[in-house]
1. Mind telling me which of the residues 274, 304, 282 ends up being touching a helix residue (DSSP H, G or I) at 6+ places or on another chain (Cβ under 9 Å) and under 26 Å from residue 246 (Cβ atoms)?
2. Inside the stretch 691-724, can you point out the residues that are assigned to a strand (DSSP E or B) and closer than 13 Å to residue 669 by Cβ?
3. Does the stretch 246-266 hold any residues that are assigned to a loop (DSSP other than H, G, I, E, B), surrounded by fewer than 20 Cβ atoms within 10 Å (Cβ to Cβ) and on the phi < 0 side of the Ramachandran plot, and which are they?
4. Of these, 408, 399, which one is at pLDDT 95 or above, surrounded by fewer than 24 Cβ atoms within 10 Å (Cβ to Cβ) and in contact with a helix residue (DSSP H, G or I) (Cβ under 7 Å, 6 or more places away or on another chain)?
5. Taking interchain pairs and intrachain pairs at least six residues apart, which have beta carbon atoms under 9 angstrom, with the first residue in the stretch 506-517 and on the phi < 0 side of the Ramachandran plot and buried (at least 21 other Cβ atoms within 10 Å of the Cβ) and the second part of a helix (DSSP H, G or I) and modelled with pLDDT under 95?
6. Out of the stretch 668-679, which residues are buried (at least 19 other Cβ atoms within 10 Å of the Cβ) and within 14 Å of residue 705 (Cα to Cα)?
7. Restricting attention to the stretch 161-176, and to residues there that are within 30 Å of residue 230 (Cα to Cα) and without any contact (Cβ under 8 Å) to a residue 24 or more places away in the chain, which single residue is nearest to the chain's Cα centre (by Cα)?
8. Being out of contact with any helix residue (DSSP H, G or I) (no Cβ under 8 Å at 6 or more places or on another chain), surrounded by 16 or more Cβ atoms within 10 Å (Cβ to Cβ) and part of a helix (DSSP H, G or I): is that true of residue 496 here?
């Protein structure tokens, strides 16, 4: 058994709210240790040093889970840090436990407390092993970080001198929920130096880093003793050029420093911020060169790249990448700045495909799917965000459908059957929940009792769509029950596919799927073959999910709606599939027209307003210079970046043959446009790099396709089929 299970949970005997606690243990080592492993976790976020040196380059450990059910612990090889006389020092902040989100036993440890569990295992040349465990012999002091909070930031008082070390309190908190590190470590990535110093009309001193990031700043503090320096982090300037923080809601996003007159290198340890700008109060002679922004996210390997002849579309792809970087922080958060930063299931569901092309997210999502399984309700329903801070029974279509869509997409991208098998119960239980709800729902006015339609349940709808007169409305015009029933069919179809891959009998679900489609057609398709709910999203779902075989009336309906509006009106539910469907029905040029459009509403409109990440709302910052409602207006929100998978799969034509996974069988079928002179994309797959490029020259187009070893590939161009070889293949048409 791992020696961490021999340790005891310890906490401070008393703790001032939101103060960082330093736990310490000194010990002597005999000659000659050959191995030293530290196993450690905390209730809170820890920062561990041995003899003044950090044990890891990762940050915000142990990560975020539902601590009632899963607590990750980490293991570090610290052999090189061990000396004859040693001191282990572990600072622990509140971390993701900053609200009373979890029903932790108040008589053992309340949400306002922190706790530590650790074992240092030392092995000597003769094979002797000594374990130094957290127990009553450890001591603690309060830290100079007088306040820490994930939303509000940190306050550091360099004048603070702790009282003498005090004995810790051993608590009988459970170790049954401990699991070894599952996800990617959160690490510091790029470092961006301040780009511009701005003095706003209201007199604030502002530094623009030129890129919205998730992370924190670093600089040297030099100020007189007793001076207070306050730094606010924010995303946007108003049209007048002043600081805009209303969209942070209650989150303060501040770093407060009280100087002792000495020079200190500043870098927060127990929080993170979402920002492009900082406003500095209390410092003289500020220069942007003195400040760096440190980008922080889960340590994912970059696997996907895209480039084309249009700088605006290249910036769009840049924003998609940075939206992912800014929100893949142990869990796939919706936003990194306001008082939310939650693992919303709907956002992850719509983005998981392009996420798996941009970066290797197999390990990242494997951990989060473990969180999903842990938090799936006994009914099979999935909470709206995971980990959840409420007793959220969820069940919203397109959000809870992450239970089927995410495992299936991870299988498609990485070809890992074991990952699919690991999450098969997650998929099945969600489909069974929808089926059970359809069978048990009671008759209500306006709602059918068809046992094959997922109706009457609470749903988010086509979130932030623009097809209602009130452009601040959030739920869209598409009928929620239509969305629910469409996803009921889609999730059932994915469960069938997963069953077939795993060799599991799925006759019941095949019959269920047939009946869902029949019921959907009966209720939602009219006698002319069009969908009764006349919205872009309704058409898109019916077409993309294959809910009605006669596609021509639906295709005509969708085309008319897009051309009639002159732009997209879809929200979170319809947008990920919109361009795919337009391409599939032969309207590729219309898809390109929507892609390159730079007027509101469009993917490129935010870029005309200086966006460096994806926005939550199409109208987050309006053409007249006003903002959408601050209640929900993030400027780093990756969901609409789902358009990136169309850029990989349709624009550049990198697709997998139906019925295959792991990019073992590739079909290159790029859909070109005269709007571009070239486009190229590549994905580093489990078998190697797959790449596609097309370039127009006069009336000719040259295609270049890169095929890795152990991979079959064909190209479909202008109705012709080409069998490709391993390596680089060139075709001119």
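The values are calculated or read from the model by the stated rules, or taken from the named source; none is laboratory data. Every value quoted in this text rests on a predicted model; they were computed, and no experiment measured them. Virtual Cβ from ideal backbone geometry, glycine too; neighbours counted across all protein chains shown.
1. The match here is 274.
2. Scanning the stretch 691-724 gives 692, 694, 703, 705, 713, 714, 715, 716, 717, 720, 721, 722.
3. Across the stretch 246-266, the qualifying residues are 250, 252, 260, 262, 263.
4. Among 408, 399, only 408 is at pLDDT 95 or above, surrounded by fewer than 24 Cβ atoms within 10 Å (Cβ to Cβ) and in contact with a helix residue (DSSP H, G or I) (Cβ under 7 Å, 6 or more places away or on another chain).
5. Going by the 9 Å Cβ cut-off, the qualifying pairs are 516/438.
6. Scanning the stretch 668-679 gives 668, 670, 679.
7. Filtering first and then ranking leaves 161.
8. no
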